[in-house]
Amino acid sequence: MSVADTALRPRLRDSVIVQADGGTLLFLCLADRTVKRFACDEFVKDVVVLLDGTRTIAEIGALACGGRPDARERVAEVVQILEHEGLLSRVADPALEFRLLGTARAEFYDRQLRLFQDFCDQGWSPETSGAALQRRLGEATAVVCGVGGLGGWVALALAGAGVGRIRVCDFDRVEVSNLTRQVLFGMADLGVPKADAAAARLREVNPFIEVEAVARRIGGAGDLADVVKGADIVINAADLPTPNDVAGWVSEACWPDIPHIMGTGYAYHIGVLGTSIIPGRTACWACVRAETFADHGRDGLETVVGKRDRAGAMGALSGLVGNILAWEAIRILAGLPPALGDRWSEVDFWPLEIRSRAVAQRPDCPTCGR
C-alpha cells in the first residue's frame, strides 16, 4: 500500500474497533488483544470513520470536515500512520477478492475467508488476500492415517476448511463403542469399514472437495508409499500396533519430501500433540526419538505390565487434540508459520495446559543432519 497511489482506497481491518475518549482515539485490535491510543481532533475522527475501502484519499479529504484546503495531505498523513501501525487492511474490498473463487465457494467459506484476510493484514502471510490462502488449501492434498477418535476430527476440520483432496487410511470397521468420540460415524455405519464411512461423511460436509478412502492395515513404511504419494501434508493419527511404530513408518514414507505431523494420540487426561516435521526446516522424527526415547531411563527396560487394550477417552478431549492438529496442518498448507515444529508438545486436559519441550535438529543426525 502506498499513500502516493491516487487510486488507493484505504480500509480499516475488520478486526479493529475504534472508540473515542475526548481528544483520544482507541484502536482495539481483536486479533491480538492490543489497544493503541492516538491523540486526535475532529478531522481525524471523521477520516477514520470514512476508511471503509470505498473512497480514495482525495475523496475522503473532500468529505472530512468540509474539505479543508490541506485535507488531502492530512488524510494521507493519517493513513500513513495507521498503515505503519498495522491497522489497515491490505485490500480495499475483500468481498470482491473472495468472489474470485466463485460465488458458491465465496459464500460457503465466507467466515473463514474473513479470518484468512486478517492473517494477511496481520502480516503473517506474503499474500495480500484471504482468497489466496483459501486457493492454496483448495489445491492441496492431505493424508490422514487413522480416522478414529483423533483422525476423524482432523479429517472433518480439514474438509470444512476446504482442503481440496483428502485421503483417509484405516483398516478397522465401525464399532458401537466408537460412536461417543469418533465424530464421522453414526449408528447406521456399524460394521462398515471406517475409511469408507469417513469418506462418505466428508463428502457430505463439503461438496467442493475430493475424498479418497484407503482401507489398509499399516505394517511398515512400504504400505504407505502409494498412500502418501503426491501429498502436501500427512497427519499421523494411527496407533496400532503401537503409536511409535506407526509414527516411524509414516515418517519414513514421507521423508525427505512431504511435511508430516506426528500427533500420536490421547488417553485419559493427556493428549499428545507431538511435533510437525518439515523436511529441511525442522528436526526429524529420528531427532525427536533421540531426544525423548531415554526419558526416565526407560530405554532397554523390560515391560512387565504393558499397555491395556482399551484406554479411557472422551469425544470432547479427542476433539480438542484433533482440531489442534488440523489447525497446524491448515497453517502449513496455507503457507502460514507452523507452531509445533522443533518441539514435542502435550496438552494436559485437567489444568488445560500445553507443555512443550524443545527438540533441536542434530547436526550428526543420520536422517536430517547437515
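The values are calculated or read from the model by the stated rules, or taken from the named source; none is laboratory data. Given the structure is predicted, the values throughout are model-derived calculations rather than measurements. Every residue, glycine as well, gets a Cβ built from its backbone with ideal geometry; the counts of neighbours run over all protein chains shown. Keep in mind that these areas ignore ligands, DNA and RNA; they rest on the heavy atoms of the full protein, side chains included. Shrake-Rupley method; radii C 1.70, N 1.55, O 1.52, S 1.80 Å.
Can you tell me how many residues in segment 249-289 are outside any strand (DSSP E or B), among the aliphatic types (A, V, I, L, M), open to solvent by less than 10 Å² (accessible area, probe 1.4 Å) and under 18 Å from LEU158 (Cβ atoms)?
Going through segment 249-289 one residue at a time, the tally reaches 1.
Give the number of residues within segment 318-338 that are open to solvent by 40 Å² or more (accessible area, probe 1.4 Å) and within 26 Å of GLN182 (Cβ to Cβ).
Summing the residues that are open to solvent by 40 Å² or more (accessible area, probe 1.4 Å) and within 26 Å of GLN182 (Cβ to Cβ) in segment 318-338 gives 5.
Taking only pairs six or more apart or across chains, which ones have beta-carbon atoms under 9 Å, a first residue in segment 307-336 that is assigned to a loop (DSSP other than H, G, I, E, B), and a second residue that is β-branched (Val, Ile, Thr)?
LYS307/THR242; ALA313/THR180; MET314/THR180; LEU336/ILE330
For segment 76-87, state whether one or more residues are of a type outside the set (A, V, I, L, M, F, W, C), open to solvent by 70 Å² or more (accessible area, probe 1.4 Å) and farther than 18 Å from ALA39 by Cα.
Looking through segment 76-87, none of the residues is of a type outside the set (A, V, I, L, M, F, W, C), open to solvent by 70 Å² or more (accessible area, probe 1.4 Å) and farther than 18 Å from ALA39 by Cα.
Quick one: which helices (runs of 4 or more DSSP H) lie wholly within segment 85-133 and hold at least 1 residues that are in contact (Cβ under 8 Å) with a residue 60 or more places away in the chain and of a type in the set (Phe, Trp, Tyr)?
In segment 85-133, the matching helices (runs of 4 or more DSSP H) lie at 103-108, 110-122.
Only one of these conditions is not met by PRO69: (1) closer than 26 Å to LEU113 by Cα; (2) in a loop (DSSP other than H, G, I, E, B). Which number is it?
Of everything listed in (1) closer than 26 Å to LEU113 by Cα; (2) in a loop (DSSP other than H, G, I, E, B), PRO69 misses just condition (1).
Pairs, please: C-beta under 6 Å, at least 6 apart or cross-chain, first residue free of Cβ contacts under 8 Å to residues at least 40 places away in the same chain and in segment 353-370, second surrounded by 12 or more Cβ atoms within 10 Å (Cβ to Cβ) and among the polar types (S, T, N, Q)?
Note: pairs meeting the criteria are SER356/SER345.
Considering segment 287-302 alone, what residues qualify as being over 15 Å from ASN236 (Cβ atoms) and at pLDDT 70 or above?
Listed by number, the residues that qualify are CYS287, ALA290, GLU291, THR292, PHE293.
One line per residue, one yes/no per condition, for (1) modelled with pLDDT under 95; (2) within 18 Å of VAL168 (Cβ to Cβ):
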{"position": "ASP239", "(1), (2)": "yes, yes"}
{"position": "THR242", "(1), (2)": "yes, no"}
{"position": "ILE258", "(1), (2)": "no, yes"}
{"position": "MET262", "(1), (2)": "yes, yes"}
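I'd like the residue in segment 227-248 that is within 21 Å of ALA267 (Cα to Cα) and not hydrophobic (A, V, I, L, M, F, W, C) and, out of all such residues, is surrounded by the most Cβ atoms within 10 Å (Cβ to Cβ).
The extreme case among them is ASN236.
So which of ARG173, ARG203 is open to solvent by 40 Å² or more (accessible area, probe 1.4 Å), at pLDDT 95 or above, among the charged types (D, E, K, R) and within 19 Å of ASN323 (Cα to Cα)?
When all the criteria are applied, what remains is ARG203.
Do we find that GLY102 is more than 22 Å from the chain's Cα centre (by Cα) and more than 23 Å from SER129 (Cβ to Cβ) in this structure?
Considered against the rule, which asks whether it is more than 22 Å from the chain's Cα centre (by Cα) and more than 23 Å from SER129 (Cβ to Cβ), GLY102 comes out as no.
Among (1) exposed (fewer than 15 other Cβ atoms within 10 Å of the Cβ); (2) over 20 Å from GLY322 (Cα atoms), where does LEU224 come up short?
(1)
Give all pairs with beta carbons closer than 7 Å in which a residue from segment 256-269 that is of a type in the set (S, T, N, Q) meets a residue that is in a strand (DSSP E or B) and surrounded by fewer than 24 Cβ atoms within 10 Å (Cβ to Cβ); count only pairs at least 6 apart in sequence or on separate chains.
Correct list of pairs: THR264/VAL272.
Of all residues being modelled with pLDDT of 95 or more and out of contact with any strand residue (DSSP E or B) (no Cβ under 7 Å at 6 or more places or on another chain) in segment 141-156, which is most open to solvent (accessible area, probe 1.4 Å)? Just the residue, please.
Among them, the one singled out is TRP153.
Can you tell me which condition ARG33 does not meet? The list is (1) at positive phi; (2) in contact with a Lys or Arg (Cβ under 7 Å, 6 or more places away or on another chain); (3) open to solvent by 70 Å² or more (accessible area, probe 1.4 Å), and all the others hold.
Among (1) at positive phi; (2) in contact with a Lys or Arg (Cβ under 7 Å, 6 or more places away or on another chain); (3) open to solvent by 70 Å² or more (accessible area, probe 1.4 Å), the lone unmet condition for ARG33 is (2).
Looking only at segment 157-166, decide whether some residue is surrounded by fewer than 20 Cβ atoms within 10 Å (Cβ to Cβ) and in contact with an Asp or Glu (Cβ under 9 Å, 6 or more places away or on another chain).
Yes, that holds for at least one residue.
List the pairs whose first member sits in segment 158-186 and is in a loop (DSSP other than H, G, I, E, B), whose second member is basic (Lys, Arg) and open to solvent by less than 40 Å² (accessible area, probe 1.4 Å), and whose Cβ atoms are under 9 Å apart, counting only residues at least 6 apart or on separate chains?
That search, which allows pairs on different chains as well, returns PHE171/LYS194; ASP172/LYS194; VAL174/LYS194; GLN182/LYS194; LEU184/LYS194; PHE185/LYS194.
Does ARG9 meet the test of being assigned to a helix (DSSP H, G or I), of a type in the set (D, E, K, R) and open to solvent by 40 Å² or more (accessible area, probe 1.4 Å)?
no
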